[in-house]
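What follows is one structure encoded as structure tokens, with my remarks underneath.
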Amino acid sequence: MDLSDALGDWPAGGNNQSGVSGAPGAWPGQPANPAWPGAGQPSANPTWPGGQPAANPTWPGGQPAVNPTWPGGQPAANPTWPGGPSEGGGPWPSPSPQPTVPGGWPSPSPGPIPGPGPAIPAAPQKSLAVSFNQSLPSGIYDKLLITIAGIIKPNADKITVDLCTDSDVAFHFNPRFNESGRKVIVRNSCIGKKWGKEERDGQNFPFVQGQPFEMKILCTNTEFKVAVNSTHLLSFQHRITNLRSINRLNIHNDLKLSKVHMETLSH
């Protein structure tokens, strides 16, 4: 018997026992098993645990983008995902029932849904009668602040604010909207039924017909300081030095009043 007879049906091209490689074949002891764990995995095997073909849509190591229910991530097209709202809009889950204002914005507290407009409505405006007269029982004094707010009438000719004693006008504040075609603010005093020298200013005139205003008069030991709409306007030196005798505030002519307030500044 020669060597070929001894080999019998052995495939040609196999490995010899010296360990020299030949073409792949069925080495004795090596089955032709396509799922052999030590020899690698043919790419045609779709269930091999060492790697997953991209065509498998349910492999646990990664999730194709087309799967809308995969727990590792949420496609934007799902409108009810609990981690956040979808880009296209949808019902956003809330931990508790929460009323909303138009546009979906949560209301700060449960209650009726407010209509269009500011979330916090402005305080209702009071309407004070004009002419307005208020007594100042303690007179005026240092750091007394008087705040006057309202609206100038659309066709206003003038407005007047007077601080008076029982018989005199200590401070006459008189913005005029059309004095020979000019706007001017006149200040004066009337003592012993005689008007003093006018102080006039036409450069700064902050009042506008038909528009709201806020005027502040700060009393000091030497003068009245006037600001309108948070800007200092002018000062008027006291001509009546007995400040306690200045015990009345009068407001009249072409305006609607919503606020007159007195306070003492601490500084």
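For the reader, a short list of remarks on this structure follows.
- Scanning region 189-248 for residues that are in contact (Cβ under 8 Å) with a residue 40 or more places away in the chain and among the aliphatic types (A, V, I, L, M) yields Ile191, Val208, Met215, Ile217, Leu218, Val226, Leu233, Leu234, Ile240, Leu243, Ile246.
- Residues within region 146-160 that are outside any strand (DSSP E or B) and either under 27 Å from Thr264 (Cα atoms) or within 34 Å of the chain's Cα centre (by Cα) (or both), tallied: 2
- Matching residues in region 226-255 - criterion: being in a strand (DSSP E or B), over 32 Å from the mean Cα position of the chain (by Cα) and closer than 21 Å to Phe132 by Cα: Val226, Arg248, Leu249, Asn250, Ile251, His252, Asn253, Leu255
- Only one of Asp166, Asp142 that is exposed (fewer than 11 other Cβ atoms within 10 Å of the Cβ) and in a loop (DSSP other than H, G, I, E, B): Asp166
- When residues in region 184-210 are screened for being farther than 30 Å from Thr241 by Cα and surrounded by 12 or more Cβ atoms within 10 Å (Cβ to Cβ), 2 of them pass.
- Scope region 218-247; condition in contact with a Ser or Thr (Cβ under 6 Å, 6 or more places away or on another chain) and either of a type in the set (Lys, Arg) or over 17 Å from Leu145 (Cβ atoms) (or both); matching residues: Lys225, Arg239, Ser245
- Top-ranked residue in region 186-207 [being under 18 Å from Asp162 (Cβ atoms) and among the polar types (S, T, N, Q); ranked as nearest to the chain's Cα centre (by Cα)]: Asn188
- If the condition is being more than 27 Å from Glu263 (Cα to Cα) and not in a strand (DSSP E or B), then region 189-225 contributes Gly192, Lys193, Gly196, Lys197, Glu198, Gly202, Gln203, Gln209, Gly210.
Each reported figure results from applying straightforward, stated rules to the coordinates on display, with no laboratory input. Computed from a predicted structure; not experimentally measured. So basically every Cβ, Gly included, is an ideal-geometry build from the backbone, and we count neighbours across all protein chains shown.
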